[in-house]
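To start, the structure under review is shown below, and the notes come after it.
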Amino acid sequence: MTNRRTFLKLGALSSGALIANNAFSHISSSPKKVTIQSNKPIVLSTWNFGLKANEAAWEVLSKNGRALDAVETGVMVPEGDPTERSVGYGGRPDRDGRVTLDACIMDEQANIGSVACLEHIKHPISVARAVMEKTPHVMLVGDGALQFALSQGFKKENLLVEESEKEWKEWLKNSNYKPIVNIENHDTIGMIALDANGNLSGACTTSGMAYKMHGRLGDSPIIGAGLYVDNEIGAATATGHGEEVIRIAGCHLVVELMRQGKTPEQACKETVARVVKLTANRKKNLKDIQVGFIALNKQGEYGAYCVQGGFNYAVHDSTGNKLINSEYHLHE
Ligand code: ASP
C-alpha cells in the first residue's frame, strides 16, 4: 500500500499536468485529505494515422463522453479510409487476395468483444462491440462473424481497392512473405482512452500482415495480446509483428507491470525486453522484428516503447494533439 501511495505521489509530482491538492498545505490538527487529480480526458493511439483518429475520439471525450464511445469512434476513421493500407477498407489482402479484418474492444467493466478474419465489413470494431454487447460470447471468427454482422444490419462491401489489388498481383509474381519492419505492409491502430469520469477503454483494429496465409490471426483481435484494459490500473495496446506480441501476452503484461508500480513507459520497456529475450533464446534475428506498445495509467500518465526506431504514436489531451516518437531498444 505504501509503495503504491508513494508511486501515485511521485507520479503526480513528476507530471506537470497532475496536481496534488492540499498535499503541501499548512500542518493543522485535523488531517487533510489528499486528492490526486488525473490528466483526463486523454486518448492515445498508434502511428501517425492516430492523429486524425484522436481528433474524432476527442470530440467524444471533450463532451464528457464515454471512453468506450471515444475509442470506437476514433479507430473508425482509419477503418473507413480507403487510402490506409493496413486497416479496414483499403487494407492489403491476404495471399489469396482476400481482405480479412481483425478487431477487439474492451471497456471499463472488463466487457470484451472481438472479431477475427472478418471479410466484407468496413468497420470491424463496431462488429466487435456488437459481439460484446449483444451476444453471450466474446469472439466470433470468419463466416460466423460475417453472418452475425449481417444480422446486425452491417452492409456487405468489397474492401479490396484497386490500388491494393494491383500491389497484390505484383506480389504474387514472387509470393515471398517477408514482413519488413516499419513499412506499411502492416500497422494497426490501437487506441486507449481515459474519460472525464476516470474510466478507461481500448480498441484495436487491423487488416493484419499483408499477404498472410488465409486464416492467420495476429495479436490485434486477442484480448491480453493486442489490447488490455484494467480500469483500476491502466490500459495498453500493441502494434507490429503479432506473433511476437501473442508469444508474451503483451498488453496484459504491460498492465500487470503498471500494477506493480511501473510507469507506462517502464512497463512497455520491460515488455519489449521480454520480446528481445525470447527472440535471442529462439535464435531469431531481432532486426527482423518490430513490436511497439503504448500504455496509459489511471492517472493519465502515458508512455511507449518498441523494438526499433520508427514507431510513433499520437496523444490528445487538453493541451492538444501531438505525435511522439517512441523510445526504442535496438540502437545500432
Ligand atoms: N499487429 C498486427 C498483426 O500482427 C500488425 C501490425 O500492427 O502491424 O496483425
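Quick note: the coordinates plus some simple rules give every number you see, no bench work behind them. Here the structure is a predicted model, which is why all the values come from computation and not from measurement. Here Cβ is always computed from backbone atoms with ideal geometry, including for glycine, and neighbour counts include all displayed protein chains.
For region 276-288, backbone phi angles converted through the Karplus equation (6.51, -1.76, 1.60; θ = phi - 60°) give residue-by-residue couplings of 4, 5, 5, 5, 5, 4, 8, 6, 9, 8, 4, 4, 8 Hz, Gly and Pro being listed as x. Taking 4 °C and 1.567 mPa s as conditions, region 246-312 diffuses translationally at an estimated 107 µm²/s according to Stokes-Einstein applied to its Kirkwood radius (Cα pairs). If we count every other residue with Cβ under 13 angstrom of ASP96's Cβ, Lys/Arg +1 and Asp/Glu -1, where does the sum land? My count for the surroundings of ASP96 gives +3.
Do any of LYS40/LYS322; LYS40/LYS63; LYS262/LYS298 go past 18 Å between their Cα atoms, and which?
Beyond 18 Å between Cα atoms: no listed pair.
Between helix 162-172 and the chain there is an angle of about 70 degrees, using the helix long axis and the longest principal axis of the Cα atoms. In loop segments of region 65-167 as defined by DSSP, there are no chymotrypsin sites (Phe, Trp or Tyr not before Pro) with at most 13 further C-beta atoms inside 10 Å of their C-beta. Positive contributions from Lys and Arg (+1) and negative ones from Asp and Glu (-1), summed over other residues with Cβ under 13 Å from the Cβ of GLN152, come out at +3. For the chain, the longest principal axis of the alpha carbon atoms and the long axis of helix 49-61 meet at an angle near 50°.
Taking max minus min of the alpha-carbon positions on each principal axis, the chain gives extents of 78, 48, 34 Å, largest first.
Amide H contacts for SER62 (H built 1.01 Å from N in the peptide plane; partners 5 or more residues away or on another chain; cut-off under 5 Å): none found. Note that region 295-312 has calculated 3J(HN,Hα) couplings of 9, 9, 9, 5, 8, x, 7, 9, x, 8, 6, 8, 6, 9, x, x, 8, 10 Hz, one per residue in order, obtained from phi through the Karplus relation 6.51 cos²θ - 1.76 cosθ + 1.60 (θ = phi - 60°); glycine and proline are x. Rounded to the nearest 10 degrees, the inclination of helix 2-14 to the longest alpha-carbon principal axis of the chain is 80 degrees. What whole number of Å gives the distance from the Cα centroid of region 35-95 to the Cα centroid of region 297-319? Taking the Cα centre of each part, region 297-319 and region 35-95 sit 14 Å apart.
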